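Trainee: Provided herewith is a single structure, encoded as structure tokens, for subsequent inquiry.
The values are calculated or read from the model by the stated rules, or taken from the named source; none is laboratory data. Keep in mind the model is a prediction, meaning the values are calculated, not measured. Reconstructed Cβ throughout: ideal geometry from the backbone, glycine too, with neighbour counts over all protein chains shown. When the accessible area is computed, the model is the full protein with side chains, heavy atoms only, and any ligands, DNA or RNA have been set aside. Shrake-Rupley method; radii C 1.70, N 1.55, O 1.52, S 1.80 Å.
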Amino acid sequence: MTDLLKGKVAIVTGAGSGMGKAISTRFVEEGARVMLADINPDGLKQAANDIDPTGEAVDTVIANVAKEDDIVAMIKKTVDTYSKVDILVNNAGIVDNIKIIENMPDDLWNRVLAINLTGPFLASREAVKYMKNQKDGGNIINIASVGGLFGSRGGVAYTASKHGLIGITKNIAATYGVYGNVRANAIAPGSIATNIGKTLDAPDELGMKALGDAGGMNSPVGKPEQVADVAVFLASDQSSFVNGTVITADGGWTAR
Ligand SMILES: NC(=O)c1ccc[n+]([C@@H]2O[C@H](COP(=O)([O-])OP(=O)(O)OC[C@H]3O[C@@H](n4cnc5c(N)ncnc54)[C@H](O)[C@@H]3O)[C@@H](O)[C@H]2O)c1
């Protein structure tokens, strides 16, 4: 532990499980105070207790990232509690059963886009209002996916949402990052051992074939902590000249 984030205040969405929890844990280890946000109250409570039972370095807010009122309340609570928001990690996300376009129902399309794409849009829009006026600016980290870089690592909704998230990242970087003081970067994880796989309950046959042919069934599997370390780098001043990039963390899956 090197105090890379000493004095920083972060919000992490989807902090109740998987990578969000691991990122929050590493941020606290590096000296940050973290507002843990999640739609699942049980996961949130457990994460807060596991990360810092004293409550000195973490607080919690129940927030559905697809709801603007929740986003506004999440960021207001952070600023009311810690006086500022330096880092926003848009991590909350869901998958889409690898559904190809003909088999994608409207409700699943809308849900995936609302959580994976509109959520980060709403949260970034709200956070930037505070960040741009802060002395030290702000830093946005979007948890995309290799599905945001290639065509067959998810279904059509997941693929579109993660490509879109990388687009949001680059647009913020090219505007606020170049002309202002808010930089933005994305991480594209490959296969990471979290709870998200359990929600693949009725995977699409052709979607799975395409994923399998792209090596998806025997790709290297990483730990959430290995992605959290990348997030620490992007959140810290060690990456102060890194803006608008996507760091792939997939153990070399897409290099093959
Ligand atoms: N696990 C992987 O292999 C993998 C690979 C690439 C990208 N990702 C991305 O990483 C991110 C985190 O996924 P994970 O693997 O840690 O999954 P996970 O299911 O373990 O955790 C996701 C968390 O997000 C929360 N969440 C879901 N919907 C929400 C909403 N509407 N509002 C707020 N919180 C919500 C869940 O309650 C859960 O705590 C996602 O964006 C996912 O797309 C995961």
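Trainee: Return yes when Gly251 is part of a loop (DSSP other than H, G, I, E, B) and open to solvent by 20 Å² or more (accessible area, probe 1.4 Å) and no when it is not.
Mentor: Working: part of a loop (DSSP other than H, G, I, E, B): yes; open to solvent by 20 Å² or more (accessible area, probe 1.4 Å): yes.
The answer is yes for Gly251.
Trainee: Does segment 103-113 hold any residues that are surrounded by fewer than 18 Cβ atoms within 10 Å (Cβ to Cβ) and in contact with a helix residue (DSSP H, G or I) (Cβ under 9 Å, 6 or more places away or on another chain), and which are they? Break it down into steps so the answer makes sense when it comes.
Mentor: Going through segment 103-113, the residues surrounded by fewer than 18 Cβ atoms within 10 Å (Cβ to Cβ) turn out to be 103, 105-107, 110-111.
Passing the criteria: Asn103, Asn110, Arg111.
Trainee: How many of the residues in segment 116-139 are out of contact with any Gly (no Cβ under 6 Å at 6 or more places or on another chain), within 20 Å of Ala188 (Cα to Cα) and open to solvent by less than 50 Å² (accessible area, probe 1.4 Å)? Before the answer, list the steps.
Mentor: To start, the set of residues in segment 116-139 that are out of contact with any Gly (no Cβ under 6 Å at 6 or more places or on another chain) comprises 118-130, 133-139.
Filter once more, keeping what is within 20 Å of Ala188 (Cα to Cα): 118-121, 123-124, 139.
Now narrow it down to the ones that are open to solvent by less than 50 Å² (accessible area, probe 1.4 Å): 119-120, 123-124, 139.
The qualifying residues number 5.
Trainee: Still on this structure: From the list Val178, Val230, pick out the single residue that is closer than 24 Å to Glu29 by Cα and in a helix (DSSP H, G or I).
Mentor: On the way: Val178 fails: closer than 24 Å to Glu29 by Cα.
Unique residue meeting the criteria: Val230.
Trainee: Test each condition in (1) buried (at least 24 other Cβ atoms within 10 Å of the Cβ); (2) free of Cβ contacts under 8 Å to residues at least 40 places away in the same chain for Asp50 and report the one that comes out false.
Mentor: Of the numbered conditions (1) buried (at least 24 other Cβ atoms within 10 Å of the Cβ); (2) free of Cβ contacts under 8 Å to residues at least 40 places away in the same chain, the odd one out for Asp50 is (1).
Trainee: Got at least one residue in segment 87-104 being over 30 Å from Met217 (Cβ atoms) and hydrophobic (A, V, I, L, M, F, W, C)?
Mentor: First, pick out the residues of segment 87-104 that are over 30 Å from Met217 (Cβ atoms): 87-88.
Restricting the remaining residues to those that are hydrophobic (A, V, I, L, M, F, W, C) gives 87-88.
Within segment 87-104, one or more residues are over 30 Å from Met217 (Cβ atoms) and hydrophobic (A, V, I, L, M, F, W, C).
Trainee: When you go through Thr13, Thr25, Thr2 one by one, which is the residue that is of a type outside the set (A, V, I, L, M), within 18 Å of the chain's Cα centre (by Cα) and over 23 Å from Phe121 (Cβ atoms)? Show your work before the answer.
Mentor: Details: Thr13 fails: over 23 Å from Phe121 (Cβ atoms); Thr2 fails: within 18 Å of the chain's Cα centre (by Cα).
It is Thr25.
Trainee: Could you give me the residue pairs with C-beta distances under 7 Å whose first residue belongs to segment 242-256 and is closer than 16 Å to Pro220 by Cα, whose second residue is open to solvent by 50 Å² or more (accessible area, probe 1.4 Å) and outside any loop (DSSP other than H, G, I, E, B) wherever it lies, and which are 6+ apart or on separate chains?
Mentor: So the pair list comes out as Ala249/Gln226; Thr254/Thr248.
Trainee: Looking at Asn142 and the list (1) without any contact (Cβ under 8 Å) to a residue 60 or more places away in the chain; (2) open to solvent by 30 Å² or more (accessible area, probe 1.4 Å), which single condition is not satisfied?
Mentor: The one condition Asn142 does not meet is (2).
Trainee: Just give me the residues in segment 87-119 being touching an Asp or Glu at 6+ places or on another chain (Cβ under 7 Å) and either farther than 20 Å from Leu165 by Cα or in a helix (DSSP H, G or I) (or both), in sequence order.
Mentor: Correct list: Asn103, Leu108, Val112.
Trainee: From the list Val89, Val79, Val95, Val72, which residue is open to solvent by 10 Å² or more (accessible area, probe 1.4 Å), within 28 Å of Asn243 (Cβ to Cβ) and within 16 Å of the ligand (Cβ to nearest atom)? Don't jump to the end; show me each part of the working.
Mentor: Numbers: Val89 fails: open to solvent by 10 Å² or more (accessible area, probe 1.4 Å); Val79 fails: within 16 Å of the ligand (Cβ to nearest atom); Val95 fails: within 28 Å of Asn243 (Cβ to Cβ).
Just one listed residue meets the conditions, Val72.
Trainee: Starting from segment 20-36, take each residue that is over 14 Å from Gly7 (Cα atoms) and free of Cβ contacts under 8 Å to residues at least 40 places away in the same chain and list its partners that are open to solvent by 30 Å² or more (accessible area, probe 1.4 Å) and among the polar types (S, T, N, Q), counting only C-beta distances under 6 angstrom and pairs at least six apart or across chains.
Mentor: Leu36/Thr60
Trainee: Could you check segment 124-172 and list, in sequence order, the residues that are part of a helix (DSSP H, G or I) and more than 25 Å from Trp109 (Cα to Cα)? Let's see the steps before the verdict.
Mentor: The first filter runs over segment 124-172 and keeps only residues part of a helix (DSSP H, G or I), leaving 124-131, 146-148, 156-172.
Of everything in segment 124-172, those that are part of a helix (DSSP H, G or I) and more than 25 Å from Trp109 (Cα to Cα) turn out to be Ala127, Val128, Lys129, Tyr130, Met131.
Trainee: Same structure again: Under 8 Å between Cβ atoms, which residue pairs at least 6 apart in sequence (or on different chains) link something in segment 56-79 that is farther than 26 Å from Gly7 by Cβ with a partner that is surrounded by fewer than 17 Cβ atoms within 10 Å (Cβ to Cβ) and not basic (Lys, Arg)?
Mentor: Hits for this filter: Ile62/Pro41; Asp70/Ile62.
Trainee: Can you tell which of Ala174, Ala202 is exposed (fewer than 14 other Cβ atoms within 10 Å of the Cβ), farther than 23 Å from Gly43 by Cα and at pLDDT below 95? Give the derivation first.
Mentor: Details: Ala174 fails: at pLDDT below 95.
The match here is Ala202.
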